[in-house]
Structures are given as structure tokens and as C-alpha cells.
1. Return the total of residues in region 69-83 being under 14 Å from SER38 (Cβ atoms) and among the hydroxyl-bearing types (Ser, Thr, Tyr).
2. Among residues belonging to region 142-171 that are surrounded by 12 or more Cβ atoms within 10 Å (Cβ to Cβ) and acidic (Asp, Glu), point out the one that is nearest to ASP87 (Cα to Cα).
3. So for region 149-167 (the condition being among the small types (Gly, Ala, Ser), over 21 Å from VAL76 (Cα atoms) and part of a strand (DSSP E or B)), does at least one residue qualify?
4. Would you pick out the residues in region 52-95 that are over 27 Å from PHE41 (Cβ atoms) and either in a loop (DSSP other than H, G, I, E, B) or not assigned by TED's automatic domain parsing to the domain that holds GLU134 (or both)?
5. With respect to ALA135, is the statement that it is of a type in the set (A, V, I, L, M, F, W, C), assigned by TED's automatic domain parsing to the domain that holds ARG92 and within 16 Å of LEU110 (Cβ to Cβ) true?
Amino acid sequence: MERRSLPDWAFPPPGGFKAEDLDHIPDLPAHTELIDGSLVFVSPQASFHMLVVDLLVTALRRCAPDDVLVRREMSVILDEDLRPEPDVCVIRADAEKSLRQTFYRGSQVLLAIEVVSPESRRRDRQRKPVLYAEAGIPHFWLVEDHDEKPVVHVFELQPATRTYAPSGVFHDRLKLTVPFDIDIDLTEIERI
């Protein structure tokens with residue numbers, strides 16, 4: 001029996017990986033995140049997850065003003081050892097420097113969205129909101145699966161404490177005025 005060796009990235013360096021390392025590690029699986037210096041690998045996504053992301057990206061692009069861009073599955077550098085990948089984010093348009101760039105900075109993100117998956121429940125619900133808030137991202141949405149229908153929990157940053165405060169839970173229609181005027185029919189997921 002042939003014995004296969006593990007890739008070098010299976011063994012983190014002393015002190016953990018740094019955000020820039022993700023761009024230089026060969027053969028790293030797609031959508032690998034960096035949380036507290038450790039590599040986090042994403043499991044295959046369920047159809048619900050993909051459809052919700054598609055729905056949100058399409059709907060946000062329809063109502064986004066010209067000074068912002070909507071992006072899916074792009075990593076965001078929050079600190080030297082933090083580079084999560086929100087499912088969807090809204091960035092300032094000037095953050096897009098090149099079509100070859102592989103990340104944005106937390107200071108360029110206006111809204112981070114996580115669609116909860118079974119294998120990432122704890123990270124999506126507990127760890128990532130704290131990281132996004134500490135980085136100063138003004139808005140965060142957490143999307144849950146409720147009987148195969150999206151439920152969007154909306155949070156706004158409290159600048160004095162760098163924590164998120166809940167500002168609403170939306171079931172069928174998501175209608176907001178921040179970070180810009182948004183009106184999304186969440187029931188459209190049934191027609192995608």
C-alpha cells in the first residue's frame with residue numbers, strides 16, 4: 001500500500017497562518033477561510049444555501065446604488081490572522097482595484113451576509129458576527145433555513161461597543177433603508 005504524505009499546509013507554522021498566506025499556498029481547497037490563524041475548509045453546500053445566495057446577490061444588485069458592489073464568496077481580511085469568506089458582501093465600489101484581486105479589507109465592507117449551513121452553524125452564528133463587528137463592518141445579516149424558507153436576521157453595528165444589535169427578523173419580505181433602500185421578496189426562492 002502506497003503511503004501518501006500530507007501537503008505542507010496541513011501543518012500550520014508557529015503562530016498560525018497569516019491572511020496573505022492564503023494567496024500563496026498551493027493546492028489549497030477552494031473557499032478556505034482563515035479564522036484565528038487556522039485554516040477552515042468549507043463542506044459542499046446544500047441547494048438551499050446556493051439558492052439563497054443567488055437570490056440575495058441578484059436582488060441586492062437590482063437595488064444597490066452605483067457607489068457599492070455586491071460580491072459573493074470573496075474573502076475579507078479583518079486582521080493578520082483573520083480572513084473569513086462571507087457568503088455575500090456589499091463593498092464600496094472603490095474597493096474593487098482589479099479583477100484579479102482575491103480579497104477585500106474589512107474597512108471596505110458595508111454588509112456581510114452568512115447563510116447558515118449545518119457544518120458551520122457555530123461559526124456563522126457566534127464567531128463570525130463577533131469578528132465582523134470588531135472589524136467595524138456596519139451591517140450583518142444571518143440567514144437561517146426555516147422549513148426550506150429563508151429567514152433573515154438583520155443586525156446593525158453599535159460603534160461604541162463594536163457589537164451588533166438586532167434590528168429585525170424578516171420572513172417573506174426584506175425591506176430596509178440601510179445600508180441603502182432594499183426590498184427583497186424572500187419567497188422568490190420558490191421560483192428560482
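The values are calculated or read from the model by the stated rules, or taken from the named source; none is laboratory data. Remember, predicted model here, so these are calculated numbers, not experimental data. Neighbour counts run over all protein chains shown; Cβ positions are idealised from the backbone, glycine included.
1. Total satisfying the criteria: 0.
2. GLU144
3. Residues of region 149-167 among the small types (Gly, Ala, Ser): 160, 165, 167.
From what is left, the residues that are over 21 Å from VAL76 (Cα atoms) are 160, 165, 167.
Then keep just the ones that are part of a strand (DSSP E or B); that gives 165, 167.
There is at least one residue in region 149-167 that is among the small types (Gly, Ala, Ser), over 21 Å from VAL76 (Cα atoms) and part of a strand (DSSP E or B).
4. Once the filter is applied, which keeps residues that are over 27 Å from PHE41 (Cβ atoms) and either in a loop (DSSP other than H, G, I, E, B) or not assigned by TED's automatic domain parsing to the domain that holds GLU134 (or both), region 52-95 yields ALA64, PRO65, ASP66, ASP67.
5. Values: of a type in the set (A, V, I, L, M, F, W, C): yes; assigned by TED's automatic domain parsing to the domain that holds ARG92: yes; within 16 Å of LEU110 (Cβ to Cβ): yes.
Spelling it out, ALA135 is indeed of a type in the set (A, V, I, L, M, F, W, C), assigned by TED's automatic domain parsing to the domain that holds ARG92 and within 16 Å of LEU110 (Cβ to Cβ).
A quick yes/no check of all residues on (1) in contact with a Lys or Arg (Cβ under 8 Å, 6 or more places away or on another chain); (2) exposed (fewer than 15 other Cβ atoms within 10 Å of the Cβ); (3) without any contact (Cβ under 8 Å) to a residue 24 or more places away in the chain:
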{"residue": "HIS49", "(1), (2), (3)": "no, no, no"}
{"residue": "ALA64", "(1), (2), (3)": "no, no, no"}
{"residue": "ARG105", "(1), (2), (3)": "no, yes, no"}
{"residue": "GLN126", "(1), (2), (3)": "no, yes, yes"}
